[in-house]
Amino acid sequence: MRMVMIAAPGAGKGTQASRIATHFGIPHIATGSLLRSHVERDTRLGRTVRGYMDRGTLVPDRIVLRMVRRALTEAKAAGVGYVLDGYPRTPAQAGSVYQVAAELEMTADVALHLEIDDEEAVRRMLSRSAAEHRTDDTESVIRRRLALYHEVTRPVLDWYAERRILLCVDGMAPVDAVTARVLELLEVVEATPPVDRAPKIPLPALV
């Protein structure tokens, strides 16, 4: 099973990705965790990442892509698939990771999209912020994040749909119910993987 996870903030993507990885015995490649791991292990990449973090700037896509490439390479060497969580989020990232995966013969079998409406996403994130005593996730901030998600991610979803590997699941149900439905559908995909219609015109790739 090789897959990417796509979902709006508050949809429970990380939880479902972790459960999917455990069920199929494959690595959960979460880009945020990758960044933290390299920093904690003080790798060469980690030192570069720490520099951006210390300056309070975003880690460039090319750095994240290098980490993703390394993780995909390790998954291939182990003879297993993967769950890619947190990347891609933009058309440029989708084009870049597709090229990397194609070079490794590790392109995704499925792009799983957890569907959730904005009001439920806001409710969940506000509840989480209150539980974690966070003051940065205000309703206005959350709604801006959701607006940005819709703006930049819709083309990515359409692209995966064109390739006929997009799988949409209702993420509004309770967590365990969502997991059960996702695993049910992924078992079918694993038994009969879809034929990936490679894009006629690749999305913009990073250089």
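The values are calculated or read from the model by the stated rules, or taken from the named source; none is laboratory data. Quantities reported herein were computed from a predicted structural model and do not represent experimental measurements. Quick reminder, even Gly has a Cβ in these numbers, built from the backbone with ideal geometry, and neighbours come from all protein chains shown. Ligands, DNA and RNA are stripped out before the accessible areas are found, and what is left, the full protein with its side chains, is counted by its heavy atoms. Shrake-Rupley method; radii C 1.70, N 1.55, O 1.52, S 1.80 Å.
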Q: Hey, could you check the stretch 12-25 for residues that are hydrophobic (A, V, I, L, M, F, W, C) and in contact with a His (Cβ under 9 Å, 6 or more places away or on another chain) and say which is surrounded by the most Cβ atoms within 10 Å (Cβ to Cβ)?
A: 17
Q: From the list 66, 47, 70, pick out the single residue that is basic (Lys, Arg), open to solvent by 90 Å² or more (accessible area, probe 1.4 Å), without any contact (Cβ under 8 Å) to a residue 60 or more places away in the chain and over 26 Å from residue 102 (Cβ atoms).
A: 47
Q. Can you tell me how many residues in the stretch 55-85 are assigned to a loop (DSSP other than H, G, I, E, B) and under 18 Å from residue 165 (Cβ atoms)?
A. 1
Q: Restricting attention to helices (runs of 4 or more DSSP H) lying wholly within the stretch 116-207, give those where 1 or more residues are at pLDDT 90 or above and touching a strand residue (DSSP E or B) at 6+ places or on another chain (Cβ under 6 Å).
A: 139-162, 175-191
Q) Any chance the stretch 88-96 includes a residue that's open to solvent by less than 30 Å² (accessible area, probe 1.4 Å) and more than 18 Å from residue 155 (Cα to Cα)? A) no
Q: Determine the pairs where a residue that is farther than 18 Å from residue 89 by Cα, located within the stretch 130-146, has a partner that is β-branched (Val, Ile, Thr) and open to solvent by less than 80 Å² (accessible area, probe 1.4 Å) with Cβ atoms under 9 Å apart, the partner being 6 or more residues away or on another chain.
A: 139/122
